[in-house]
Amino acid sequence: MTSRPLMTLQVFVAPPQKVGEIPHGTRVIAPITSGSFQGPRLRGKVLAGGGDWTLLRSDGVLELDLRITLETDDGALIYLTSFGLRHGPPEVLAALARGESIDPSRYYFRTAARFETSAPQYGFLNQLIAVSSGDRRASGPIYTIEEIL
Amino acid sequence: MTAMTSRPLMTVRIAAAPPQKLGTVSHGVRSIVPVTGGDFEGPRLRGKVLPGGGDWLLLRADGVLELDLRITLETDDHALIYMRFLGVRHGPADVIAALRRGESVDPARYYFRTLPSFETATDRYAFLNRIISVGVGEARPDGAVHRIDEIL
């Protein structure tokens, strides 16, 4: 499998909405307030209004279901969805939950990302498969997204 | 910046029945391909594809074929694994036309990539519940072959 950098995406989250225990696990919704992204072929900001619908499963894996709108520096809108998984040793996850900075190589945080846009200059995003590795920070995650070639 | 690394998970060969051509629907041209069987093999698991799954294909207005596959795998030690993926396939017009005629085409000539996910209740395969993976597809006259890598 080969890949190449697509973008680095940083999102900022508002305080989480803790829905709590539901039939599939523990649901926590994190509203996205802002952010930015940059890569060799596109850059811009994250619009307010998206969110990450996270679900902590009974096997300890956190499922992430991110939906956000990107606005490029030339005014195009891009809808990004990312489904991810995060898990690791209990002490590492506990430190993350306390908001501490942790080397992201100490846990598994990977996502599969899809894009939708009507802007011709970014039409290539509609046609690619992408994966990302995440780095969970107290202010929100940073994703390094790669295009699968 | 973290480099993306991967390792082989399995190669899945899927045998399919003739497509059910629904024609033009609200989002594009829909074809449904019933899965009749197949097999899979990798360093950590192997077995067969059970009949009964399918691939709900949608040809979009931009020429990209979207794949939406759901199948059940049975390992050689009788564990059941539910596998599904979304994928995209596209390429030069002459290459896609050759594929539609059922010809064998070098898969390097088109883009056929998928994002598989897995569900299993069997402890020895539970690692499948916890990984993100990517597949590179090859369309063959008798079905599709997917080489799936685990993202590390």
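In units of 2.2 N^0.38 Å, what is the alpha-carbon radius of gyration of segment B:104-152?
Taking N as the residue count of segment B:104-152, the ratio is 1.38.
Mind checking the alpha-carbon convex hull of chain B and giving the volume per residue in Å³?
131 Å³
Of all accessible surface on segment A:7-138 at a 1.4 Å probe, what whole percent is carbon and sulfur?
Carbon and sulfur together cover 54 percent of it.
Using only atoms on other chains, find how many Cβ atoms lie within 10 Å of each Cβ of peptide A:107-116 and report the average.
3
Give me the inter-chain shielding for A:124-132: mean count of other chain Cβ atoms within 10 Å, whole number please.
The mean count of partner-chain Cβ atoms within 10 Å per residue comes to 5.
Could you tell me, in Å, what Rg and Dmax come out for the Cα atoms of chain A?
Rg and Dmax of chain A, Cα atoms, are 15.3, 46 Å.
Tell me the label-point distance for the pair residue A:34, residue B:152, using the 7 Å Cα-to-Cβ offset, in nm and rounded to one decimal.
It is 3.9 nm.
Per residue and in cubic angstrom, what volume does the convex hull of the Cα atoms of the protein assembly as shown have?
143 Å³
For segment A:84-141, what value does the Rg/Rh ratio take when both radii are computed over Cα atoms and Rh is the Kirkwood radius, given to two decimals?
Answer for segment A:84-141: 1.15.
Summed for both chains, how many Å² of accessible area, to the nearest 100, are buried between B and A with a 1.4 Å probe?
2300 Å²
Anyone know which of B:70, B:140, B:60 comes out most mobile in the 10 Å Cα GNM of chain B?
Comparing B:70, B:140, B:60 in a Gaussian network model of chain B, the most mobile one is B:60.
Please give the contour-minus-distance gain from residue B:104 to residue B:36: 0.36 nm per residue of separation, less the Cα-Cα distance, rounded to one decimal in nm.
So the chain would gain 22.4 nm between residue B:104 and residue B:36.
Report, in whole Å, the centroid distance computed from the Cα atoms of segment A:1-68 and segment B:1-80.
27 Å
Using 7 Å Cα-to-Cβ label points, what is the residue B:24/residue A:100 separation (nm, one decimal)?
6.1 nm
Rounded to the nearest 500, what is chain B's calculated 222 nm mean residue ellipticity when only DSSP H runs of at least 4 contribute -39500 (n - 2.57) each, over all residues?
It comes out at -1500 deg cm²/dmol, rounded to the nearest 500.
The values are calculated or read from the model by the stated rules, or taken from the named source; none is laboratory data. These figures come from a predicted structure and were not determined experimentally. Note that each Cβ is placed from the backbone with ideal geometry, even for glycine, and that neighbours are counted across all protein chains shown. These accessible areas exclude ligands, DNA and RNA; they are computed on the full protein's heavy atoms, side chains included. Shrake-Rupley method; radii C 1.70, N 1.55, O 1.52, S 1.80 Å.
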